[in-house]
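Rule-based calculations on the coordinates, nothing more; no lab input. Please read all numbers here as calculations on a predicted model, not as lab measurements. All Cβ positions, glycine included, derive from the backbone under ideal geometry; neighbour counts span all protein chains shown.
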């Protein structure tokens, strides 16, 4: 269990946190959310001791092990397997099978195990670092955007691994679906404060939205009251007969707390500019084959595709299999070795390609880079688009060389927005964006009137956008006429099927081993019944208490929602009595709810610990 107590932290003139307190309790899996620049990674660095708070203290138990995903590459072994084994705890140092299992899940083949880590790409080297921290089984696991280095198959494997994780965990990711699938709690950094709630990102965002709506309406009501009091005081200050009332109003005015207007939080708010397309077909690829050396085996072989109007096609598969190569072929940045790619004359393409660094001029300002995409546009048009992509005023004059990965992505998007097009080719456009910006991007893609071909490993995007799929699997590329969920239901990923088969074999071996352990079937049944009886006696009372608490929490939350509704109406009608009464009630219910959640967390931790004892 870790406690951050009354932490304040600044960088230069920017205040990140102001007197925040956070506890990471036993076996909690926390999703950490907040806009880029709000201090999510800094919070990790505080926990790791890489940076110090301006004020406050951090309490970490003795011998408590913290593991995090290293971005720095520093390998000392001559094979992937040996390097991975460095992550093993002393007591597990001979369990190389654990390392192999995790490396396999993260996309390393059996042949890769004996290769030198230096021959792999940067993305796979980060995966090796991830394997080392996972196999170490730390008390607390810190993961900062792990999906950025994974393809869809490895992301799905990691999701299942984290669902089964038994210790504490904090993850930062822009993929809401991924995060909400395994976390028990959500923590958000918002307005330099920190909030923690049991449940999903949606739940915490809804709560913040409700509270800020109530705050703003209360502030406006208070402002109106202050104005009325000030008018009365100014008008009747000189009237001797009203001196008592004036003095009373002055005292009332002095007692009123002045609520400041909440600062506006910038959001990504843009749309792609579509040009109408008259013909039925935009482009056609016929029996396309390609390799970088021009020889077989081809990276892409005999691939065909027809793209019509308003298509939504997603490209999925393992990294290194040709997804970005295909996008470069469709964008005419590469030419096929065999076959043809024909485009409708005059077709306008908006291309978001990888890597970004090679597609932006580091010497340019953000504004210069946007203008370079469409020199015929006015400077004001470029400034307007820069503003939509959250580069307002002086931020638009920053040099590309000094901006972050997420900002570079936004510059790339701005260059597409300023250039009207009929088809979007987007290669992992959400990488390095925060969660809100990623979802604004998905909304803009959905609303685009032209066609879209997009590479992504974000399953929420895939389920929300894809109507057809281009799939890189089993060393070939195929076209699937259907959505992503349909693909999972009907076909699925080969690697996941192989893993399921391996699990079945392992279970069978384990069952055969136990059958030869000298016990008859009858003895096994009696032993099993006794264990179940003992387990039920230990955990049933806890389960009963948890059920009672869950019902109490549901009832309090209903009361709290009703209280908020009444409060909003009272503020709208200026009913001072109801505002006062319900404000007090709201505070009481909120404290009661927090107390119930605290009890709930403790009981569920005890319950899980007891269950673990009997599973061991």
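For this structure, a couple of remarks:
- For the range 78-131: rounded, prolate or oblate by the Cα gyration tensor [a/c cutoff 1.5]: prolate
- For the range 106-215: rounded, prolate or oblate by the Cα gyration tensor [a/c cutoff 1.5]: prolate
- Among 310-319, 259-268, sorting by the average number of other beta carbon atoms lying within 10 angstrom of each residue, highest first, gives 310-319, 259-268.
- Rg and Dmax [Cα atoms of the range 268-418; Å; Rg one decimal, Dmax integer]: 17.7, 52
- At 1.567 mPa s and 4 °C, Stokes D of the range 134-271 from Kirkwood alpha-carbon radius, µm² per second: 65
- Per residue, the convex hull spanned by the Cα atoms of the range 176-215 amounts to 63 cubic angstrom.
- For the range 1-102, averaging the sequence separation of C-alpha pairs within contact (under 8 Å, six or more residues apart) and dividing by the residue count gives a relative contact order of 26 percent.
- Once C-alpha pairs closer than 8 Å and six or more residues apart are averaged by separation and normalised to the residue number of the chain, the relative contact order reads 13 percent.
- Across the range 409-464, C-alpha contacts under 8 Å between residues 6 or more apart give a mean separation that, scaled by the residue count, equals a relative contact order of 44 percent.
- Fewest-first ranking of 412, 388, using other Cβ atoms within 10 Å as the exposure measure: 388, 412
- Rg/Rh ratio calculated on Cα atoms of the range 373-412 (Kirkwood radius): 0.95
- At R0 = 25 Å, FRET efficiency that the Cβ-Cβ distance of residue 575 and residue 191 yields, to 0.05: 0.30
- For 1, 179, order by how many other beta-carbon atoms lie within 10 Å, fewest first: 1, 179
- Along each principal axis, taking the top coordinate minus the bottom one, the Cα set of the range 205-255 gives 53, 16, 10 Å in descending order.
- Taking other C-beta atoms within 10 Å as the exposure proxy, 236, 472 rank 236, 472 from fewest upward.
- Taking only the alpha carbons of the range 401-446, we obtain Rg and Dmax values of 10.8, 32 Å in that order.
- Gyration tensor verdict on the range 26-111 (Cα atoms; rounded if a/c is under 1.5, prolate if a/b is larger than b/c, oblate otherwise): prolate
- Long-range Cα-Cα pairs in the range 412-477 (distance over 19 Å), rounded percent: 32
- Dividing the summed helix terms, -39500 (n - 2.57) for each DSSP H run of n ≥ 4, by the number of residues in the chain produces a 222 nm estimate of -15500 deg cm²/dmol to the nearest 500.
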